[in-house]
Amino acid sequence: MQRWPVLLFLAWVCLLFFAGIGLFMSGFLLTRIELASSSSCSDPLLPPPWQGQSLPPGSCWAPQRFSKAVLVIIDALRFEFARFNPAKASPLPYENKLSFLHHLTTSQPRHARLYRFRADPPTATMQRIKGLTTGSLPTFIDVGSNFATYAIQEDNLLAQLVQNGRRVVFMGDDTWEGLFPKKFFRSYFFPSFNVKDLHTVDDGILQHLYPTVDSGEWDMLIAHFLGVDHCGHKHGPDHPEMAKKLTQMNEMLRSLVDHLGNDTLLLVAGDHGMTETGDHGGESEKEVNAALFVYSRTPLFGTGPPEEPEAIPQVNLVPTVALLLGVPIPYSNIGEVMAELFSGDSDTVSAALQQLSVYHINAKQVDRFLQSYSLVAQDLPAEQLQRLQELFSGAVEEHTQLLDQVQGATLVPPELESRLGSLISRFQVYLREARAVCTQSWARFNSLRMVGGCTLIAASCLLCYMAAELAASSDSFYRSCLLYPLLWGLVVAVLLGLAHVFTQEGLDLLLVSSCTAAASQLGFFWHWWAWLGLAFPMGILLFRCGAMFSDSFVVAEARVAPFLLASLVMLLVGKLHWDGRLTVPEGPKQQVLGFSSYRREMWYLLCLVATLLVCVRLSGFFHQCREEIPQCRPSLFLSPLASLRNTRAKNLFYLLCVALLAGLVYAVRSWLRHYGNLNSSDPLVLFVRWGFPLLVLCIACYWAVVSSADDSLGKLQELVQVAIVAFPWAVYGLASMGLLLLLCNPLTVFAKDTWESAGSIVTPYLGAPSSEVDFLHVIPQIYKRMQESQKNRLERGSCRATIAAYGLGSVYSAALVIALTLLGFLLMLLHSERLSLAFLLLFLEAFVLLHIHTRARGLPFSVPWYAVISWLLAASQFFYSTGHQPIFPAIHWNAAFVGFHLDHSTNLLPAVLVGANTFASHILFAVGCPLLLLWPFLCEMPSSQKKKPKKEPREELQEVEEHMMEMRLRESPEKFSTALLQLGLKYLFVLGAQLLACVCAAMILRRHLMVWKVFAPKFLFESLGFVVSSICLLLGISLVMRVDCAVSTWFRQLQLR
C-alpha cells in the first residue's frame, strides 16, 4: 500500500485550497488604511474669532468646558435597559432598573440627558472601543481579532489626552490593556473573556472606583463594567440575574454622582446592545441600539430634553469629549460634534455662535482627514469628494462672512438667528454626508486578488475531480500528478524569490505561495489536458452551490440542507428501483409485479430511509435562530440545564442526557464485541472496556455540578468551583490517553494457535461454534494468501497450525469507531448538556447513511459521488442542529471555559475549544469519512442466511473464506491506496465546490446590501469549515494507514512464530 504518496497528494491539494482562500481573503477582507498622522494644538484649524474670543490657558482648538470627565462603560447596555417607563406595572427583568437616570433627567433637565447611542457593526467589544476612542469605523475583518487585540496605532482620544499632559486612569475590561499599552496613569485590569463570571470585573471596579474619584489624581477616568454583558451571554436579558446586575449598576451610579465635582462631566455609555438571547456581534436593531447618558452638576443644555431621545452615532462622542476637555480631535475622526453640549447658560445667539465655532473646527478636521486619506487610499469616489469639498467651502465662507457681519452689528437678532440656524444645518449636512461616504466606500476590494483566489479554488476543485477519476487509470499517476506539479511550483517559487532579491522589494509570502500553487496546478493540467471534457451528474450539489448566491437561502440553510439530504436519499432509492436492483428477476411463473417480487433487502432499505427521515426531522428541534427570521424562536435545548428553574424538569433532562451517554457507550461496545474486537487484553481494548464508562462518569459529574453551581453556598461553592475545573480535565486526560493508545497500537485483534491432526479441516473457530452468528462474524483465518504460504512451514509431524483471529475483519473500522467515540465525548463536553441528544442523532444518522450506502453500493473499491455528497450534507445539517449559525452572535464562547475557571494566558487554547465547538459536525464526519470505503466490506456477509442444502465441509470452508470483510482490502494494496486517494479527493472536491460558491457569491455581491450581514460571514465560516474538515480528513485517512501499517507488522511477527 502506498501510504506516503496518498497523504502527500491529499496534503498538496489541501494546500492549493488554502492558498486560494488566503489570496481571496487578502482581496476581499482588507483592513482600512490607518493614517499615521496625529492632531496637535498647533494645527491651523481654529475658526475666525468673534467678539474678542480667545482660548484660555490649557485649551486646544476650543475653550475647555470641563477639567475632568468620567466615562462609565456598561458593556451591552441596550437602550431599553436605560429607559424608564413609569407606566409599566409589570416590567420585564431588564426594564425600569436604572431608575436613577430617570430621576436625574426629570429633576435636572438641563443637567442630564439620555440618548440612543447607535453602534456601527460589527458590534464586538474591541471594535466598539476603537470607535469610541478614534471616532472612526472599524472594518469587518477586525472581528477576527476581537479576542487577540492589537495596540491601536491610529490617533485616538487617549493618545491626545496623554500627549497634552492629562492623567488617564482605567479600571475594568483588560481588553483596553492590549489596545492602549502604557497609556494609563494608573490602571486596574480584570480578566474579561470568561463570560460565565458575572462579578469579578464589576466588584474589582467598585473596590477602586470611589477612592480613585475622591483622590482627584486623574483627569479622565474610564470604568468598563462587564457584568451586564456576561449576564446576557449566560442567562439572556429576560432573567432575574439581569435585574440584579442592572440594580447594582443603578446603585453604583447613584453613589458615583455624589462623589463628582462641579468641574466633572459624567458619561454613561453602552458599547453595543444585545439580542433576546444575550448575544451580539451583528447588526440587528437590538445589537446596535445602545444607550448614552450625559450629566454634569453645572448646566449643560440650553433647553429641556425632547420627548423622544435623540439617536446619535457612537463616533460622535469622540470629537465632543475632545473639545469639552480642551484637547485636539483625533486625526481620523469622522464623527459629528454634539453641539448642544456647548450651549451652557448663554443666550440663544451666543449659544449658536459657540456651536458654529465647534462645528467649524469639526468640519475642518474631517476635511483634512478626507484629503489625506484620499491621497493614500484613492478609494473614495472623486465626484462625491468634489461635492463634499463644495459643501465644506461654502459653509466655511458663509461662516466667515457671518462673523464679519456680527462684529459689524449689521444684522438684527431675528435675521441673525435665522442665518445662524441655516449655517448650523449646512455644517451638519456636510459632516453627515462625509460620514456616509466613508461608510459606503470603506470596504476596499482588490479585484485582482479576489479573481485570482476564486480561480485557484475553482482549479483545485477541477483538479480534485480529475485526479479522483484518473487515480486508477495510470501506473505513473503519483509521479505525474504529484512530482511534476511540485517541481513546477518549486521553480516558480525560486524565480519569484530571486526577483524579489534583485528588485529589493518586500517579499509577499501570500502572493508567492499563491503563484506557486497556480504553477503546480498548471503542471498537473499540462499533463492531463486531454481529460478536461469530463462531465458528472451532480444536480443536488450544483443546486446547493448555486443557491449560495441567494441571501434567503443562506438565511434558511438550516432547513434546506436536511431537505437536500432527504431528497438525495429518496432519489437514490428511486434509481435503485429503476435499475431493477430492488426486485427479484422475473421468472416464468411471475406475471404481475407485486410485493412478493421485491427482495428482502428492499424492506430493510426502506426501514433505513424511514429512520433517516426521522433523524432529519428530529434534528430540527436543535436549531439556533437568526434575527432575519423574526418569527423564529431558538430551541429550548440550546440553553444549559442551569437555566431551568423547574427542578424536576432539570433532573429529568439530566437523567436523559446521562442515559444517552451510557447508551452510546453500550452501543459502541456491543458493536465491537459483535465483530470480535473486544476479545484481546491489549491496552486499547482495556481502555474501551473501562475507560469509556469512566469518561461517561466524569461527564455526568461535570454536568451535575455545572447545572447546580448557582445553587451551592459557602464551602460547597468552593468545592463546586474545583469540580467544574477538575472533571473536564479528567475527560481531556482520559480522551487524550485513549487517542494516544489508539495511535501507538490501533489493533484490536485477538489470535490463538491450536494444533489439530493433519487430516482435520481448518475450522473458523476455537472449539465448537456456539451460534451461527459466531460462525459468520468471527474471522476464522488470517488472510487466505498468508495461510497458504505458511502451510508447509507450520506443519510439524502429523499436525499443522490452525490460527483463529478475532476482529481482524473489522480492524480498520474498529479504530475509526473508537476514535469517533472519543472525539464525540470531547465535543459533547464542549456543548450544553441537552445537545447530547443532537449528537446521538448525529451518530445514528451516520450509521444509517453507511448502511444505505452499503445496500446501494456499486464497485467494491470505489465510493460513489452520492455517498460523499450525502455525507457532507449531513455534516452541514448537524452544524445547524448543534445550535450554530454562520453568524458571529451565534458562536458559543462558553466553550472556551470548559475546564478553565480563570482567564486564559494565551488565545490559542480558547480558539481551539471554540473552534471545536463550532465545527463539531465537520470534525466527526471528516474523521469518519474513510468508513464510506470500509463499511461495504465490513457488511459484505448477509445478516441472515437462507436455508441451503448441506454442503461438504471443504465447500463450507471455501464459502466462508470468500467473506474476508476488510481483509479483502489487503489482497489489493494498490487498489486500497487508490480508493483512499479517490475518496479523499472526492471529499475535497465537494467541500471545494461549496467553498467556491461562497467565494463567488461574496465577490460578485460585494456591493450587495446584505454582504456584511449574510455573505461575508457565510464565506468566513465556510472557509474555516473547509480548513477544519480537510485537516480532519487527513487525520482520518492517516489513522487508516496507521492501522494498515500495524496489521502489516502483525502479519510479519506472525510469520516468525
Peptides ranked, highest mean first, by Cβ atoms within 10 Å: ranges 195-204, 67-76:
67-76, 195-204
In Å², rounded to a whole number, the accessible area per residue of the range 971-1054 with probe 1.4 Å is 29
Backbone HN-Hα couplings from phi across the range 208-219 [Karplus 6.51/-1.76/1.60, Hz, Gly and Pro as x]:
10, 5, 5, x, 5, 4, 5, 5, x, 8, 6, 10
First compute the accessible area of the range 226-327 with a 1.4 Å probe, then give the percent of it belonging to carbon and sulfur atoms.
49
For the range 977-1057, evaluate the Debye formula with one uniform point scatterer on each Cα (no solvent term) and list log10 I(q)/I(0) at q = 0.11, 0.14, 0.25 Å⁻¹, rounded to two decimals.
-0.47, -0.62, -1.08
Please give the direction-averaged projected area of the C-alpha convex hull for the range 266-333, in square nanometres with one decimal.
6.4
Take the Cα coordinates of the range 852-936, assign each an equal point scatterer, and use the Debye formula without solvent to give log10 I(q)/I(0) at q = 0.16, 0.19, 0.23 Å⁻¹.
-0.71, -0.85, -1.05
Could you give the Stokes-Einstein D for the range 179-271 in µm² per second, using the C-alpha Kirkwood radius, 20 °C, 1.002 mPa s?
147
Convex hull volume of the range 218-333 per residue (C-alpha atoms, cubic angstrom):
144
Relative packing of 814-823, 414-423, 661-670, which averages over residues the other C-beta atoms within 10 Å, highest first:
814-823, 661-670, 414-423
FRET efficiency estimate (nearest 0.05) - Cβ-Cβ, Leu509 to Ser40, R0 51 angstrom
0.85
What number results when the radius of gyration of the range 235-296, computed over Cα atoms, is divided by 2.2 N^0.38 Å?
1.35
Shape verdict for the range 655-754, please, from the Cα gyration tensor: rounded (a/c under 1.5), prolate (a/b greater than b/c) or oblate.
prolate
Taking H placed 1.01 Å from N in the peptide plane, check which residues at least 5 places from Leu265 or on another chain put their amide H under 5 Å from its amide H.
Lys68, Ala69, Val70
Residue pairs, from the table Lys575/Lys1018; Lys244/Lys1013; Lys234/Lys1018; Lys196/Lys650, whose Cα atoms sit over 28 Å apart:
Lys575/Lys1018; Lys244/Lys1013
Residues Leu522 and Val451, FRET efficiency given R0 of 25 Å [Cβ-Cβ distance, rounded to 0.05]
0.90
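The values are calculated or read from the model by the stated rules, or taken from the named source; none is laboratory data. Because the structure is predicted, anything quoted here is derived from the model rather than measured. Cβ atoms come from the backbone with ideal geometry, glycine included; neighbour counts cover every protein chain shown. Note: areas computed on protein heavy atoms with side chains; ligands, DNA, RNA excluded. Shrake-Rupley method; radii C 1.70, N 1.55, O 1.52, S 1.80 Å.
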